[in-house]
Amino acid sequence: MSALPTATEPVTLDEAIRFIWTETEILDRLAYREWLPLWTKTGLYVVPIDRDGGDPVEALNIVYDGAEMREARVKRLLSGFSMSSAPPARTARTTSRFVLESAGAGTARVRCAQILIEYKYGRTRTLGADLSYDLRRADDGTLRIERKVVQLLNSDDHLFGIGYLL
């Protein structure tokens, strides 16, 4: 068994891919409590409305969650009190086309594409998105999400009932 990398060791594309696949598997299992520790304390989860709006931090967004909002969202999803999540949708994600945009001391920016298949109320829906991850190593060498931006292909269309995390 190999030791974990140091906090400043560069993140490889292979390592980033395995981490992102782990996140998608956690989300498809609806294991939202397992998803929360994948983030840094300052991590930002963003789903912008405008695909060409530049920096999503400066734009109107469907989702703009820091740590407190991610925790509240997970609590709502698990409580059954959210109309859009009761009953929860069954999902299957396929993530591919990984590109390592940059890597530094314990950090990496990775872009990828995702197809999400949702089944709920007897219907199937497909959502496509371009994803961008800023990953950072924790002090113990494990990866954490510093920023995740989900650019839905149809972000400017009617997005009814997305009661899960993208």
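Nothing in this text is a laboratory measurement; each read-out follows from the coordinates by a stated rule. Owing to the predicted nature of the structure, the values given are computational and were not obtained by experimental measurement. Neighbour counts run over all protein chains shown; Cβ positions are idealised from the backbone, glycine included.
Structural remarks
- Going by neighbour counts of Cβ atoms within 10 Å, the residues THR91, THR142 line up, fewest first, as THR142, THR91.
- ³J(HN,Hα) computed for each position of segment 136-147 - Karplus, 6.51 cos²θ - 1.76 cosθ + 1.60, integer Hz, glycine/proline x: 9, 6, 7, 4, 7, x, 6, 7, 9, 8, 8, 7
- Net charge of neighbours whose Cβ lies under 14 Å from the Cβ of ARG111, counting Lys and Arg as +1 and Asp and Glu as -1: +2
- Two numbers describe the Cα atoms of the chain: Rg and Dmax, which are 15.8, 48 Å.
- Taking a straight Cα-Cα cut-off under 25 Å and skipping sequence neighbours fewer than 8 places away in the same chain, the lysines within cross-link reach of LYS41 are LYS75, LYS148.
- Near VAL149, once Lys and Arg are set to +1 and Asp and Glu to -1 for all other residues with Cβ below 10 Å from its Cβ, the sum equals 0.
- Integer Hz, Karplus 6.51/-1.76/1.60 couplings in order for segment 148-155, x for Gly and Pro: 10, 10, 10, 9, 4, 5, 10, 4
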